[in-house]
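The values are calculated or read from the model by the stated rules, or taken from the named source; none is laboratory data. Keep in mind the model is a prediction, meaning the values are calculated, not measured. So basically every Cβ, Gly included, is an ideal-geometry build from the backbone, and we count neighbours across all protein chains shown. The protein model used for the area step is the full one, side chains on, heavy atoms only, and it has no ligands, DNA or RNA in it. Shrake-Rupley method; radii C 1.70, N 1.55, O 1.52, S 1.80 Å.
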Amino acid sequence: MFGGGGMNPRKMKQMMKQMGIDVEELDAERVVIETAEADLVFEGPQVTKMDAQGQETYQIVGSPEAVENAGAGGTAGAVEGGDA
């Protein structure tokens, strides 16, 4: 097992860079995941993008709210846009 508690974030970044893993924090205001049952809406999430050998992975940290039709095709855009 690993010992010593946590790892220094700077050292972790350096090790990931050596392994060819690029990490980027995204300034996301909102993330919507559309499912068959409902849409999961993350307001103000922490989003991290990792690129490892051409494969992009996104990590979303936050608490979602389940709503109907919150995505780009839903009614939320019309409400936010004001006069239609």
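Return the residue satisfying two criteria in turn: it lies in region 7-57 and is in a strand (DSSP E or B) and basic (Lys, Arg), and of such residues it is least open to solvent (accessible area, probe 1.4 Å).
For region 7-57, the residue satisfying everything is Lys49.
Hey, could you check region 58-84 for residues that are more than 30 Å from Lys17 (Cβ to Cβ), of a type outside the set (D, E, K, R) and open to solvent by 100 Å² or more (accessible area, probe 1.4 Å) and say which is modelled with the highest pLDDT?
Residue satisfying both the conditions and the ranking: Ser63.
Collect the residues in region 16-56 that are touching a strand residue (DSSP E or B) at 6+ places or on another chain (Cβ under 7 Å) and on the phi > 0 side of the Ramachandran plot, keeping them in residue-number order.
Residue satisfying the conditions is Gly20 alone.
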